[in-house]
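Below is one structure; the comments refer to it alone.
Read-outs: derived from the displayed coordinates by stated rules, not from any lab. Because the structure is a prediction, the values reported are computed rather than measured. Glycine gets a Cβ as well: all are built from the backbone with ideal geometry, and neighbour counts include every protein chain shown.
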Amino acid sequence: MKTIFYILFAATMVVGCNNSKRTEGFDSVDAKRFAEVIEHENVQIIDTRTPAEFSEGHIPGAVNIDIDGADFEAKIAALDKSRPVAVYCRGGRRSKEAAEQMVSCGLDVTELANGILSWEGEVEK
């Protein structure tokens, strides 16, 4: 039994950013609340869509980190852990997955519940 425990513990430590002590989740908010969150200049805004989707239009100030990109884990691990993260995608599925991974890296995350499809604010191309 101890052997199984140690194997599971070691596997958890090896996987991506899962060595964080943070166990709480993230806030999933509507577009109005998300707009309030990103008003703060300290927030890192992350768009998890593909580069092609990002180029079609994104929230001003957003950085594109494609969740399906080979370097996604490395890029989120490199984010500033002292600054909060606001994350979104097209409809909310990818950003929820990304938010879970970001929380496991020790980041404070707010996710746009229904993605950019629900966004009523400015979009830049």
Which ordering of 123, 87 is given by a fewest-first count of other beta-carbon atoms within 10 Å? 123, 87
Out of residues 5 or more away from residue 28 or on other chains, whose amide H comes under 5 Å of its own, with H placed 1.01 Å from N in the peptide plane? 111
Would you please give the residues with an amide H less than 5 Å from that of residue 44, counting only those at least 5 places away or on a separate chain, with H modeled from the backbone geometry? 85, 86
With θ set to phi - 60° and the Karplus curve 6.51 cos²θ - 1.76 cosθ + 1.60, what are the ³J(HN,Hα) couplings of region 51-61 in order, to the nearest whole Hz, using x for Gly and Pro? x, 5, 5, 4, 5, 6, x, 9, 5, x, x
Apply the Karplus curve 6.51 cos²θ - 1.76 cosθ + 1.60, θ = phi - 60°, to the phi angles in region 115-125 and return the couplings in whole Hz, x for Gly and Pro. x, 5, 4, 9, 6, 10, x, 5, 10, 10, 10
Once amide H atoms are placed 1.01 Å from N in the peptide plane, what residues at a sequence separation of 5 or more from residue 64, or on another chain, have their amide H within under 5 Å of its amide H? 47
